[in-house]
Amino acid sequence: MKIGLDDVVAAETVLSDVDGLAGRLIIRGLSLDEAAGLYTFEDMLTVLWDGLVAVDGNLLGALAAARIDVYQHWVADLPRYARMPVFDAMRAIMACLPDTKDDGSALALAAAPAVLLPALLRLSQGASPIAPRTGLSHAADMLRMLTGTDPAPVQVAALDTYLVTVCDHGLNASTFAARVVASTGAGLVSAALAALGALKGPLHGGAPGPVLDMLDTIGEARNAGRILAAMLDDGVRLPGFGHRIYRVRDPRADALAKAIARLSEAGHVDPDRMALARAVETEALAALHRRKPDRVLETNVEFYTALLLDALGFPREAFTAVFAAGRIGGWIAHAEEQTRSGRLIRPRSVYVGPLPREAA
Ligand code: ACO
């Protein structure tokens, strides 16, 4: 019996493979090293959606058109949602996207987080939302809509690296949720909503905000050992460390560390924050190794996600929503793949409750 479904195979996929022992992620035949830093988000979606989502014309243009559609449809209603936590507001609006049987739903779902997140954040700060612009890449437009200024190429490249790095990752909890719902024939929007719900939790996509909270609490490198030890004594799981599958360092952490190094060289990262993060990472790994010598607890993707998204100007309460902006590409591909398989996902549970009197 596998509580938590560890090692249980629930699907066959051509989309991605996570080798937790080798620390390797393959997305449709590409290693993460081949894609992260070199592929744009549109390049990656073209690869990921091949044969699953048909897009008329080029994806850059189709995605820009979908961003404009989402914006025009929702801009008047957005103020009503802007007082909610940004992830919940985004999820509520995405629930209203039409579940068409053509590829319109895929494009609208992929476009929505990049449009809604900056607009909702701006409204919550009393600023006006900024409309998307054709001719820009998804990453460039998202940053422009967030900050109101044209981002530097190195910032666009960093966000592309992030979106590509997180776009798919085997049968993680949110992707599994998407496949379960897709297997019922409920459609892409319902599948994406299930995935959004799963992503929100702190054991999955909700960890990067707490990483920054942890860095703030530690404040200075000399406090790291003491505060991390106190957290571990209190039974806190250090955010940004550990993984269900990886038994070595998460390769996505390295991809993001390289992107941050490039941002840092270009002067877009606070050097004190970087120095503190490095010191905390070193201390945390040492403390985890001392406490759990038999369990490999390494840095996961969320640690460097926090630093990267912070440096790009996203507030911490929006980090999980930015994660969704990347992972939506994978959810859509998995939902389409599952739907094509035609197989309802329906596992069993083991009943451990009381028996009726006659059966006892
Ligand atoms: N800090 C402290 N202890 C930890 C951590 C951590 N980050 N991660 C695991 N452990 C401990 C567990 O408490 C457990 O101890 P126990 O045996 O005494 O109970 C032991 O290591 C083994 O942990 P598991 O529960 O087997 O680890 P699991 O594979 O279930 O959990 C998870 C993986 C949820 C990611 C966990 O490492 C964790 O909670 N990390 C912190 C939150 C985080 O960073 N989440 C983002 C993950 S990446 C992603 O989803 C995109």
Just report the Cα centroid separation between the stretch 321-348 and the stretch 201-273, whole Å.
28 Å
Estimated 222 nm signal from helices in the chain, with DSSP H stretches of n ≥ 4 weighted -39500 (n - 2.57), rounded to 500
-17500 deg cm²/dmol
Describe numerically, in nm with one decimal, the distance between label points set 7 Å from Cα along Cα→Cβ at ARG222 and at ARG343.
6.0 nm
Rounded, prolate or oblate, given the Cα gyration tensor of the stretch 76-184, with a/c below 1.5 counting as rounded?
oblate
Over the chain, what percent of the accessible surface lies on carbon and sulfur atoms, probe 1.4 Å?
53 percent
Probe 1.4 Å, all chains present, heavy atoms only: MET94 accessible area in Å², nearest 10, is 0 Å²
For the stretch 250-354, which trypsin sites (Lys or Arg not before Pro) pass both filters: DSSP loop (anything but H, G, I, E, B) and at most 14 other C-beta atoms within 10 Å?
ARG295, ARG343, ARG348
What whole-number volume per residue, in cubic angstrom, does the convex hull of the C-alpha atoms of the stretch 69-136 give?
83 Å³
With springs connecting C-alpha atoms under 10 Å apart, model the chain as a Gaussian network and identify which of PRO208, PRO271, PRO79 has the largest mean-square fluctuation.
PRO271
Show CYS167, CYS96 ordered by accessible area, largest first, where the area counts protein heavy atoms only and the probe is 1.4 Å.
CYS96, CYS167
Considering only VAL70, ILE27, GLY205, whose Cα is most displaced toward the positive end of the charge dipole of the chain, charges sitting on Cβ of Lys, Arg (+1) and Asp, Glu (-1)?
GLY205
Just how much of SER16 is accessible, in Å², when a 1.4 Å probe is used and the result is rounded to the nearest 10?
10 Å²
Could you identify which residue out of GLY57, GLY206, GLY23 has the top mean-square fluctuation in a GNM of the chain using Cα springs shorter than 10 Å?
GLY57
Ratio Rg/Rh [Cα only; Rh per Kirkwood] for the stretch 103-247
1.03
Could you state the accessible area per residue of the stretch 185-225 in Å², with a 1.4 Å probe and every protein chain left in place?
37 Å²
Give me the distance between the Cα centres of the stretch 1-52 and the stretch 56-82, rounded to whole Å.
28 Å
I need the shape label for the stretch 309-360. Rule: rounded when a/c is under 1.5, else prolate if a/b > b/c, else oblate, with a, b, c from the alpha carbon gyration tensor.
oblate
Quarter of Cα convex hull surface for the chain, i.e. mean projection, nm²
20.7 nm²
When the solvent-accessible surface of protein heavy atoms is calculated with a 1.4 angstrom probe, in what order do VAL9, VAL164 fall, highest first?
VAL9, VAL164
Given a 1.4 Å probe and heavy atoms of the protein chains only, how would you sort HIS268, HIS334, largest accessible area at the top?
HIS268, HIS334
Using the basic label-point model (7 angstrom from Cα toward the beta carbon), what is the THR149 to VAL248 distance in nanometres?
4.1 nm
Three-way shape label, the stretch 37-82, alpha-carbon gyration tensor, a/c 1.5:
prolate
Total formal charge among the other residues, if their Cβ is under 11 angstrom from that of SER183, Lys/Arg +1 and Asp/Glu -1:
+3
Using only the Cα atoms of the stretch 121-184, construct the convex hull and provide its projected area averaged over every direction, in square nanometres to one decimal.
6.5 nm²
Please return the longest stretch of the chain lacking exposed loop sites, where GluC sites (Glu not before Pro) count only if DSSP places them in a loop and at most 11 other Cβ atoms lie within 10 Å.
13-219
Let's see if you can work this out: charge +1 on each Lys and Arg Cβ, -1 on each Asp and Glu Cβ, no other charges. What is the dipole magnitude of the chain about its Cα centre, in debye to the nearest 20?
860 debye
Provide the gained length on full extension for the span ALA186 to GLU34, in nm with one decimal, where the gain is 0.36 nm per separating residue minus the Cα-Cα distance.
51.3 nm
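The values are calculated or read from the model by the stated rules, or taken from the named source; none is laboratory data. For clarity, every value in this text was computed on a predicted model and none was experimentally measured. Cβ coordinates were reconstructed from backbone atoms using ideal geometry, including for glycine residues, and neighbour counts include every protein chain displayed. All accessible areas refer to the heavy atoms of the entire protein, side chains included, with ligands and DNA or RNA removed. Shrake-Rupley method; radii C 1.70, N 1.55, O 1.52, S 1.80 Å.
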